[in-house]
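**Q** I'd like to ask you about the structure that follows.
The values are calculated or read from the model by the stated rules, or taken from the named source; none is laboratory data. Just so it is clear, the structure is predicted and the values come from calculations on it, not from any experiment. Backbone-built Cβ (ideal geometry, glycine too); neighbour counts: all protein chains shown. We work out accessible area using only protein heavy atoms, side chains counted, and drop any ligands, DNA or RNA first. Shrake-Rupley method; radii C 1.70, N 1.55, O 1.52, S 1.80 Å.
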Amino acid sequence: MGYLGVLTAPVCFLLVALEYTGMLRQRMYQVAAALLLVPAISFVLAVTNAAHHLIWTEVVPSPAGNNLAVYGHGPWFWIGVVAYSYLLLLIGTAILVRVAVQLPSVYRAQTLILVSAALVPWLGNMLYMLGAIPLPGLEPTGILIVIAGGLFAWGIFRLHLLDLLPVARHVVFDSMRDATFVLDADDR
C-alpha cells in the first residue's frame, strides 16, 4: 500500500508546480487523470507482481542481518516507477526554478522551499537506486518525505506559501495600466 504514495507523489508535485506557477488554469482534472495513468498501471503491476515479476524480480533478506529486504527490480520498475517519477520531478523542478529566477524575492523564497522539499527525497531515492546507501535494503525515501513535509509546513506557516501566490500578481498586475494597491484580509 505504500506504493500508492510513492507512485502519486511525483504527480502531485508536478501538479503543485503547475498550479503554483499558473501554468495549469484549466483542465486540471484531465491533466491529473492523464498523469496518474502510469502510476495506476504500476500499482496494479505491484499488486499482481507474483504473476509476472515486472516490478520486483526477487526479495531477499539483507546480508547485514537486520530486518531489511533487498529488492531485485524488474523492467517495469525502471520504466514506470523510476523513469516516470524522475521525469515528473525533473519537469516540476525545472518549472519552479525557471519561475523562481523571474519572481520578486518574496516569491523566490517560497519557490525555493518547494524545490528543496522535492529534492530531499528525490536525492535520497537516487542514492538508493545507485546502491550508494551503506546499509543494503535501507530505502530512505519514506523518512526523507517526512523531512520534505516539514519543509513544506515551514514554507506554509512561516513563508505563507499558500497565502501569496505569484499567479495572482501576474493575472492582476500584468494586465493593468494604473497604479493599484491590493491588500488581503491581513493588510498584506
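**Q** Quick one: which residues, 5 or more positions from Val70 or on another chain, have an amide H under 5 Å from its amide H? H modelled 1.01 Å from N in the peptide plane, none for Pro or chain starts.
**A** Close amide H contacts, sequence-distant or interchain: Val60, Ser62.
**Q** Provide the solvent-accessible area of Val60, counting protein heavy atoms only and rolling a 1.4 Å probe, rounded to the nearest 10 Å².
**A** Roll a 1.4 Å probe over it and Val60 shows about 60 Å².
**Q** Additional query: Could you give each residue of the stretch 69-81 its phi-based ³J(HN,Hα) in whole Hz, using Karplus coefficients 6.51, -1.76, 1.60 with θ = phi - 60°, and x for Gly or Pro?
**A** Coupling constants for the stretch 69-81: 10, 9, 9, x, 9, x, x, 5, 4, 6, 8, x, 9 Hz.
**Q** Here's something else I'd like to know. Long-range amide H contacts for Trp56: which residues qualify at under 5 Å (H placed 1.01 Å from N, peptide plane, sequence gap of 5 or more or a different chain)?
**A** Gly74
**Q** Helix-only mean residue ellipticity at 222 nm, the chain, DSSP H runs n ≥ 4 weighted -39,500 (n - 2.57), per residue, nearest 500. What is it?
**A** -19000 deg cm²/dmol
**Q** A further question on this structure: Under 25 °C and 0.890 mPa s, how fast does the stretch 1-160 diffuse according to Stokes-Einstein, given a Kirkwood radius computed over C-alpha pairs? Answer in µm²/s, whole number.
**A** The diffusion coefficient I find is 144 µm²/s.
**Q** So what is the relative contact order for the stretch 1-156, in percent, with contacts set as C-alpha pairs under 8 Å and at least six apart?
**A** 22
**Q** Farthest toward the dipole's positive end in the chain, which of Val44, Val101, Leu54, given Cβ charges of +1 (Lys, Arg) and -1 (Asp, Glu) about the Cα centre?
**A** Val101
**Q** For the chain, with all protein chains present and a 1.4 Å probe, just round the carbon and sulfur fraction of the accessible area to a whole percent.
**A** Result for the chain: 70 percent of the exposed heavy-atom area is carbon or sulfur.
**Q** Output wanted: per-residue J couplings in Hz (rounded whole) for the stretch 6-19, from phi through Karplus 6.51 cos²θ - 1.76 cosθ + 1.60, θ = phi - 60°, x for Gly and Pro.
**A** 4, 7, 8, 4, x, 5, 4, 4, 4, 5, 4, 4, 5, 5
**Q** Among Trp78, Gly131, Ala148, whose Cα sits farthest toward the positive end of the charge dipole of the chain (+1 at Cβ of Lys/Arg, -1 at Cβ of Asp/Glu, about the Cα centre)?
**A** It is Trp78.
**Q** While we're on this one: Over the chain, average the accessible area per residue using a 1.4 Å probe and give it in Å², no decimals.
**A** 60
**Q** Along the principal axes of its C-alpha atoms, what lengths does the stretch 80-155 span, in descending order and rounded to whole Å?
**A** Here the Cα extents, ordered largest to smallest, are 44, 25, 17 Å.
**Q** While we're on this one: Counting other Cβ atoms within 10 Å of each Cβ, which trypsin sites (Lys or Arg not before Pro) in the stretch 1-108 have at most 15 and sit in a DSSP loop?
**A** Arg25, Arg27
**Q** Could I have the simple spin-label model distance between Asp184 and Met28, label points 7 Å from Cα toward Cβ, reported in nm to one decimal?
**A** With each label placed 7 Å out from Cα toward Cβ, I get 1.6 nm.
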